Amino acid sequence: MYGNAAVLAAAVLLYSAIAGRVDRSWLSGPIVFTAAGLLLGPLGVDVLRFQLTAAGLRAIAELSLAMVLFTDAAHADLGVVRRALGLPERLLLIGLPLTIVLGFLCAILVFPDMLILDAALLAALLAPTDAALGAPVVSNLAVPAPMREALNLESGLNDGICVPVVIVLLDFAVGREIEHNTYLHILLVLIEEIGIGLVAGVVLTGVSLAVLRLAGRFGWTSAHWRHIPVVALAALCFMAAQAAGGSGFIACFTGGLLFGFLHRKEEGDMLGAASSTGEVLALLTWLVFGSSVLGRLLPAFTWQTVLYAVLSLTVVRIVPVVAALIGTATSPGQRLFIGWFGPRGLASIVFAVIVFEAGVSGRTLIATVAACTVLASIVAHGMTANPLIIALGRRAKV
């Protein structure tokens, strides 16, 4: 245990010394930590030997995603979102369903022996984009504000929207007894996951901010603890929503949006610790992903696995986005840019673990394809972020 912990601590320490240089290069933090995991894991020098269960990996990925979603939402510019030409709505209401459908059709073609429900599950768990991997784009001012906020809002909400889809498909795939008729069951799952998540995020954030301000008025707070409440609040939104049967992802993102809307400038920066915590947890997740997940599944990659990963990141993502944005003021190049930057990451890992734990018949293949797609996304989106952002900026000046 201590040996693994020492390696993790050393990785974070070394990366903190070169993080700025990495950000300006064709590499990225996720690429570095995933590569380090592969190098240090069983496929490399074998100094990292995690006895990590699927539940443990899920917990790390969920907590990382919770912090990232809350802080990204809190930094969102709602004024820009309102003026974003309907881009987020089109990406979520048109692009996301089309992505799931196209992903399902590609799965049937690439894996003809795969069961229908397994193919649908694979498509649904790979549909949401990743807020952590998309950070270089949504935080770069060279990208037009409407595009940044559209991608930020999409990545913040699409994983929560996909939760009920995955749950319903799992209910049918594992043969769970459904008390109500099919349509009513689907409606109830949607209401529970999204509704409870929304309520939890709004109520907990609103009450927490009121308590913090009241405590500040009486001088009960301490400067030393100023950055801690947001870390605790993001975790509370996620855990409470999950415990109540809702989507913790929806709770974190809506809670973050409300926090950003209500937060006052005179209260200072309260998000710094949560942002740093989320980033560090995400990077450690990639290290664990490289050593434990890829260490086991990389030898199982086949040409069909790689083909589906490529299709998932290109055709399955880009075609629905371009179709969804037809009729907007975006240029063809901007539509392709938005379509390309739909990275798959933490949310897909979480969903793949949920499917694996449920005992679905094709769980090994689903997990292998998901791991391959996430790996391809880490490399492809990480290496192209800075060059394409620069190209986009040059085109905007012409």
Simple spin-label estimate for residue 23/residue 190, 7 Å along Cα→Cβ, in nm, reads 4.0 nm
For residue 302 and residue 94, extending 7 Å from Cα along the Cα-Cβ vector and measuring point to point gives, in nm, a value of 3.7 nm
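Taking the Cβ of each residue in 116, 108, 167 as the centre, tally the other Cβ atoms inside 10 Å and list the residues starting with the fewest.
Values: 116 12, 108 15, 167 20.
Arranged by neighbour count, lowest to highest, 116, 108, 167 become 116, 108, 167.
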Of all C-alpha pairs within the chain, those more than 42 angstrom apart amount in percent to 9 percent
Around residue 279 (Cβ within 14 Å, Cβ-to-Cβ, excluding residue 279; K/R +1, D/E -1) the net charge comes to -3
Any helix of the chain counts here only if DSSP assigns it H throughout, its Cα atoms span 20 Å or more along the axis, and its mean Kyte-Doolittle hydropathy is at least -1.0, and such helices are 2-23, 54-74, 96-110, 145-173, 196-217, 228-243, 248-262, 272-288, 363-397
Ranked by GNM mean-square fluctuation in the chain (Cα springs under 10 Å), the top entry among 86, 248, 382 is 86
Between the modelled labels at residue 228 and residue 105 (7 Å from Cα along Cα→Cβ) the distance in nm is 5.4 nm
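Once every DSSP H run of n ≥ 4 in the chain is given -39500 (n - 2.57) and the sum is divided by its residues, what mean residue ellipticity at 222 nm do you get, rounded to the nearest 500 deg cm²/dmol? Please report the intermediate quantities before stating the final value.
Numbers: 20 runs with 283 residues, N = 398.
Dividing the helical sum by the residues of the chain leaves -23000 deg cm²/dmol.
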Once residue 218 and residue 390 are pulled to full extension, the length gained, defined as 0.36 nm per residue separation minus their Cα-Cα distance, is 57.0 nm
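In whole percent, what relative contact order does the chain give with Cα contacts below 8 Å and a gap of six or more residues? Can you show the working numbers first?
Numbers: 583 pairs, mean separation 125.1, N = 398.
Normalised by residue count, the contact order of the chain is 31 percent.
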In whole angstrom, the spacing between the Cα centers of the stretch 74-145 and the stretch 259-300 equals 20 Å
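Got a sec? How would 58, 21 order by Cβ neighbour count within 10 Å, fewest to most? Don't skip to the end; give the middle numbers.
On the way: 58 18, 21 9.
Going from least to most buried by this count: 21, 58.
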Ranked output for segments 279-287, 122-130, 327-335 by mean other Cβ atoms within 10 Å, highest leading, reads 122-130, 279-287, 327-335
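Taking neighbour Cβ counts within 10 Å as the exposure measure, how do 373, 221, 368 sort from fewest upward?
Values: 373 28, 221 14, 368 22.
Listed from fewest to most nearby Cβ atoms, that is 221, 368, 373.
All of the numbers you see were taken from the coordinates with simple rules; none came from a lab. This is a predicted model, so every value here is computed, not measured. So basically every Cβ, Gly included, is an ideal-geometry build from the backbone, and we count neighbours across all protein chains shown.
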